[in-house]
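Here is the structure we will look at.
None of the figures in this text is laboratory data; all of them are computed from the coordinates on show. None of the values given here were measured: they were computed from a predicted structure. FYI the Cβ positions are ideal-geometry reconstructions off the backbone, even for glycines, and counts take in every protein chain you see.
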Amino acid sequence: MHERLTPAAGAAALPAAGEDWLAWLASQRRAAGLTLAAYRKDLAALHRLADGRDPASLAPHDIRRFVGRLHAQGLSGRSIARCLSAWRSFYRWLIRHRGLPANPVEGIRAPKSPTRLPRVLSPDQAQALLDPAPESLLDIRDAAMFELFYSSGLRLAELAALDVGGGLDPAEGMVTVTGKRSRSRSVPVGEKAWAALRAWSAVRGQLPCAAEPALFVTRNGRRMSPGAIRSRLARRAGALGLGVHVHPHMLRHSFASHLLQSSGDLRAVQELLGHASIRSTQVYTHLDFQHLAKVYDAAHPRAKK
């Protein structure tokens, strides 16, 4: 028996089997905290939909009914698919460790949702966001954060986790981060981002952060949280009058889209983003085709007006 995980404050309580599965994921699969929190949320949804019934008693027709209820509540097909994936993994564990005879989630699919293309900044918008000269110490920090975002296509959690002297290699011009499923990858850093990082390193010591290893810190010398980074980016975009709500993942999307438009190398973009599957990266090809279609419609004599 694995040690039972204690739910965090406000976290949903689960049946014993659910807690044991989460404990197994933490100890045997070394699942990240955010992953465990997402699985807990999905299992809590299953427990709520089942009205407290034992998960081992549920049948495929129950799962189909739950999917219908989630869909009727307005949950997207993508969110339902995530729930089904978590439930499916949980039942596979029950089969292996608790002798459950069958998996009631196998073969059940989520309803399809319209494909939503990620929103990206245009190259001009990205330049407008990043070009203004910093006017304060915190502006210098923000410039370094956002240049690194756009330069290397990092995830928000990856950037927030960077430490001084850890991951950044000026000699090689690379940054190494640990992404989803604890996979590490090294990504090039552009010269403008290096210049912004050097400027930040020169003034970082002016904040009370001597004991803080984080590369990016608050005015109080503590590690910048993902929420704080998100807020600073939205504030900067608003102050510059970009006219769009800019969030960290938009910089990652913009990095991928602009790089793919320039290089056409989908596999390279996949590696830089740290996508396990090329299918995750292919969404950016649709963005590129969308751009080409607009150019065609605007320029070709035979295009529909």
*Quick one: Cα centre-to-centre distance for the stretch 31-71 and the stretch 96-152, in angstrom?*
26 Å
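Grab the other residues whose beta carbon is less than 13 angstrom from that of Ile140, score K and R as +1, D and E as -1, and report the net. Each step should come with its number before you reach the end.
On the way: positive: Arg141, Arg198, Arg204, Arg219, Arg232, Arg236; negative: Glu135, Asp139, Asp142, Glu147.
Neighbour charge sum, excluding Ile140 itself: +2.
Around Leu207, under 13 Å between beta carbons, what's the net of Lys plus Arg minus Asp minus Glu among the other residues?
Numbers: positive: Arg141, Arg204, Arg219, Arg222, Arg223; negative: Glu212.
For residues surrounding Leu207, the net value is +4.
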*Please name which of His249, Ala196, Ala144 has its Cα lying farthest along the dipole of the stretch 123-298 towards the positive end, using unit charges on Cβ (Lys, Arg +1; Asp, Glu -1) and the Cα centre as origin.*
His249
_When the convex hull of its Cα atoms is projected in every direction, mean area for the stretch 123-298 (nm²)_ = 10.8 nm²
_What number does the stretch 16-98 give for Rg over Rh if you use C-alpha atoms and the Kirkwood radius?_
0.96
*Would you pull out the residues with amide H under 5 Å of Asp163's amide H, same chain only if 5 or more places away, H placed 1.01 Å from N?*
Leu215
*asked:* Could you list His97, His247 so that the one with the fewest beta carbons within 10 Å of its beta carbon is first and the one with the most is last?
replied: His97, His247
_Under-5 Å amide H pairs with Met174, H placed in peptide plane, nonlocal only_ = Asp169, Val189
